[in-house]
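Input: a single structure, listed below in structure tokens.
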Amino acid sequence: MKKARRASAPAAGAAIEAAPARAKRSTGQLVLIGALVLGFAGAFGYVALKPKLSARGAQPASGLGLAPDWIPRILPAAGSLVLVDLSARGAAIRPLEASGAHFDFAGDGFAERTAWPMSGTGILGYLVPIEGGGQRFELISGTGGEGPLAAFDENGDGRLDAADFWFGRIAVWNDVDGDGFVGEREIRSLASYFVGSIALDPVVSGDIPAGGRRLGEIRYADGTAVEAREILTETAPSDTVMLVPTGFQWDQRVYLLPNLGERGIIPSAAYAMSADPALLEAGERLTRRLLNGQVAIFREELRDFVTALAMPGRGVPGFEDPRLEVLAREAGFTKAMFDATGKPAPSEAEVAGNFDRLVNETALDFCLQAVGLHVPSMEDRMFAAHPLAWLDTMRVGGGFEPDLRVVVERGAEEVARGAMTGEDLIALIEITAPRLDPEAIRALRDRRVKARIDAALGTEAREFHRRLKDLNGDA
């Protein structure tokens, strides 16, 4: 579903022969992190690319919710990069909190937001042929005791130069705009930088220390030299961009349905529904539920939809509770990553509470998008009659600020005209304001408001007020 920014380009020149087996040995393991499909514009000089990719899904994505409360107990993920100073000002990294770059370190089709080198700090990688012609750029990375560059030292003399087969394939990526996507003329060969050799340092530890580790010295033809340094970059695994496979066929019907954006390693709804007819049918059914005011049934069916969206045939043995797997995927963690942290699993109450939180946040997102799709203008009388059309008036900028009193009053009107039931109204309140504050409760107890609610709900009014108290934890 996503490869670290993949873009096909026509091959130019002769095909490159296959990589030697020694370059794949485990002691200097080359973790093939992400593929950037390139066309090589000559033995030296620039690597030609197609224009920069936009790898997002079919529609603007809004995300599937915030990371679960227990995720801070899980260790943050990290990606390995080998850096070289190209500016003579020292290698520089933009920290995670200030970075907008996304890169697919895991090669799973989801690019995580990451701390990332600034312009003038190059990333070392190598070019390998791809089926059908052209080449791709693979990052040089690994934790072997010899260090990742040692795998390219074919003659074992402690240096990389023209005597080593792979020296001519090593390239440098200078991500000028710092977005983690390859742009034109951002990848160049070592020769184009007039690099004569790389002298390798012995690497005594398989672990990369917090400040990174020196791997060797890059020596230029004019006698100057800079160090090659391997670092670990902090990543935000729940903040991802999905990289859609080249040639993926979108089902045009998804453009008429709400699209829940990718989150962690959960694909966007538009992608998943295009790939799975059953999920597309479920999305259409959920949209009809809202059009018919069936909010309570909608929310219950959404639970299954969210689970199916997160795990389209990818269930991992070991997650006995599918809700936990959904939450882990939302946070960007696989079962292996989760177990590797050695942290205790969340309690049943944490799993249940966070899954309900996820369902409610997803339900609100789905509702707002359904209204936006069906109420392009209030002049459309058919769609203006949508029982939830008035939710659209609570949009503020790019967000949503629910007015609980309006939700209850307008919802009660829909109940009074038979478009919704009292249970639907309660479900809507739980979706728009999952934790009511005392001030909101007092507003609902206003005599005139209470009279309107009681008149609209009739025999359901008592149960409605009891549920309101339960929502706020009142006795």
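All of the numbers you see were taken from the coordinates with simple rules; none came from a lab. As the structure is a prediction and not an experimental result, all values here were calculated from the model. FYI the Cβ positions are ideal-geometry reconstructions off the backbone, even for glycines, and counts take in every protein chain you see.
Points to keep in mind about this one:
- Length available on full extension from E350 to E217: 0.36 nm per residue minus the Cα-Cα distance, which gives 42.9 nm.
- Peptides ranked, highest mean first, by Cβ atoms within 10 Å: ranges 403-413, 156-166, 246-256: 403-413, 156-166, 246-256
- Highest mean first, the peptides 421-427, 180-186 sorted by other C-beta atoms within 10 Å per residue fall in the order 421-427, 180-186.
- Burial ranking of peptide ranges 456-466, 167-177 (average Cβ count within 10 Å, highest at the top): 167-177, 456-466
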